[in-house]
Amino acid sequence: MSSEVEPSSESIEIHNGHAHGPVVILCEHASHHIPDAYQDLGLDPVHRQSHVAWDPGARGLALRLSASLDAPLVASRVSRLVYDCNRPPEAPDAMPECPAGIEVPGNRALTASQRASRVEAVYRPFCQAVQGVLTARAARGLATALITIHSFTPRLHGRTRAVELGILHDADRRLADALLEQARRLPHRRIRRNAPYGPEDGVTHSLKRHGERHGLANVMIEVRNDLLATSQAEAAMARELLRLIRPALSTLGFEPEFTPQGGMRDA
């Protein structure tokens, strides 16, 4: 697995920015890093590296898909507890005080000025990076679909989640429908639409802002994080997802990307 790394800032990283494939990939919860200025948000180390701070395995999976699909990847380098790039600035959970029942002291009673500072430090650079990639692709005449990659914990609030792969969408369901039509290719997986989250949970902000706003077919893929526990597991899941993504893109009229040797990239 390899990918070209573009110049990045403290808050975002871009891989394969000049790729030719028909997909742009986002990973909003790629990191649990909390910059020093936020003094660890008052959290203990266990919580700073838990699923409330990031989506374990999502970045590794996104990198593999980026390489296999010859797709640009824009990922956040800052914990979603500092700012969740999949939420608009006005959303209370953009800087959550008590995610999944875990108190975040550093997010308690933030002033308007403090919230605005985080928007400028984390959210704006992420959005500008995504817009820059999309604008450059449009100038090159490249067709584009948008895929965001996330992971979720197997248990939440004491309840086990049966779903393994979630295919999420908002008003534009073209790519989600195309992926779900291919679900028969993974008969061993429990695949569901808009689960374990859906639009009613406010999780489709990126799809709407970066996808629907530009008329792009878009989808969020959620993977249960116990299926991404190792590098080998990430590679295996990437191969499984490619069995859905490639034919789904084809049914929507997107041309697959081939390597110079004539074979399709693998994970």
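Every number in this text was worked out from the coordinates using simple rules, so none of it is lab data. Worth saying up front: this structure is predicted, and the values here are computed from it rather than measured. Virtual Cβ from ideal backbone geometry, glycine too; neighbours counted across all protein chains shown.
Brief remarks on what is shown
- Qualifying residue in region 181-192 (condition: among the polar types (S, T, N, Q) and in contact with a strand residue (DSSP E or B) (Cβ under 8 Å, 6 or more places away or on another chain)): no
- Checking residue 58 against (1) within 20 Å of residue 134 (Cβ to Cβ); (2) in contact with a helix residue (DSSP H, G or I) (Cβ under 8 Å, 6 or more places away or on another chain); (3) small (Gly, Ala, Ser); (4) surrounded by 22 or more Cβ atoms within 10 Å (Cβ to Cβ), the condition it does not meet: (1)
- Given (1) more than 17 Å from residue 106 (Cα to Cα); (2) outside any helix (DSSP H, G or I), number of the condition residue 65 does not satisfy: (2)
- Residue tally, condition in contact (Cβ under 8 Å) with a residue 60 or more places away in the chain and assigned to a helix (DSSP H, G or I), over region 173-195: 7
- Looking across region 210-239, the residues that are over 20 Å from residue 155 (Cα atoms), in a helix (DSSP H, G or I) and in contact with a helix residue (DSSP H, G or I) (Cβ under 7 Å, 6 or more places away or on another chain) come down to 210, 214, 231, 235, 238.
- The set of residues from region 90-112 being outside any helix (DSSP H, G or I), acidic (Asp, Glu) and farther than 18 Å from residue 39 by Cα comprises just one member, 90.
- Number of positions in region 205-248 that are under 20 Å from residue 171 (Cβ atoms) and either touching a residue at least 60 places away in the same chain (Cβ under 8 Å) or touching an Asp or Glu at 6+ places or on another chain (Cβ under 6 Å) (or both): 17
- Selection status of residue 51, over 25 Å from residue 155 (Cβ atoms), part of a loop (DSSP other than H, G, I, E, B) and either among the charged types (D, E, K, R) or touching a residue at least 40 places away in the same chain (Cβ under 8 Å) (or both): no
- Looking across region 41-62, just one residue is among the acidic types (Asp, Glu) and over 23 Å from residue 24 (Cβ atoms), and that is 44.
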